[in-house]
Amino acid sequence: PVGSWNPIYANFAHYIDLFRYTKQSRSWSDTKNMLFKQPGWLPDYLGGVQRPEAVTEDFKKYNADVSFIWMKTYIFAQFVIAISITAYFLLPLIFYSIFRIFQSREKRFIPSG
């Protein structure tokens, strides 16, 4: 597990660990194998293949408490902002596409005199 709620660190933690292991490797073949073999592969002198821990019955998932009114307000505000930005960029594209479709149909069906 990452052990941090920092989203930037969570995205790069595995690459940081991999870089640290490659610096500790004794040969280029071990470095190549760490990069291209199965996930969790390490040479024997670095601990061998690392397997994920089995999930036990007493494992408790993280459950964020969103019962506070300010948290619900924050979540709703983020939702409204995301929908607004999406609509700002997509609706003009949709309306322009519909306009072009009707414009091309008018040109096709108008008889020339």
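The values are calculated or read from the model by the stated rules, or taken from the named source; none is laboratory data. Quantities reported herein were computed from a predicted structural model and do not represent experimental measurements. Note: ideal-geometry Cβ built from the backbone for every residue, glycine included; neighbour counts use all protein chains shown. What goes into the accessible areas is simple: the full protein's heavy atoms, side chains included, and nothing from ligands, DNA or RNA. Shrake-Rupley method; radii C 1.70, N 1.55, O 1.52, S 1.80 Å.
Descriptive notes on the structure:
- Residue count for the range 91-101, restricted to those that are open to solvent by less than 90 Å² (accessible area, probe 1.4 Å) and either of a type in the set (A, V, I, L, M) or in contact with a helix residue (DSSP H, G or I) (Cβ under 8 Å, 6 or more places away or on another chain) (or both): 4
- Each residue in the range 13-62 was checked for being acidic (Asp, Glu), surrounded by fewer than 12 Cβ atoms within 10 Å (Cβ to Cβ) and over 21 Å from Gly3 (Cβ atoms), and 2 of them qualify.
- The set of residues in the range 1-51 that are outside any loop (DSSP other than H, G, I, E, B), closer than 30 Å to Lys61 by Cβ and in contact with a helix residue (DSSP H, G or I) (Cβ under 9 Å, 6 or more places away or on another chain) comprises Tyr9, Ile16, Leu18, Tyr21.
- Residues of the range 66-82 that are open to solvent by 90 Å² or more (accessible area, probe 1.4 Å) and part of a loop (DSSP other than H, G, I, E, B): Phe68 alone.
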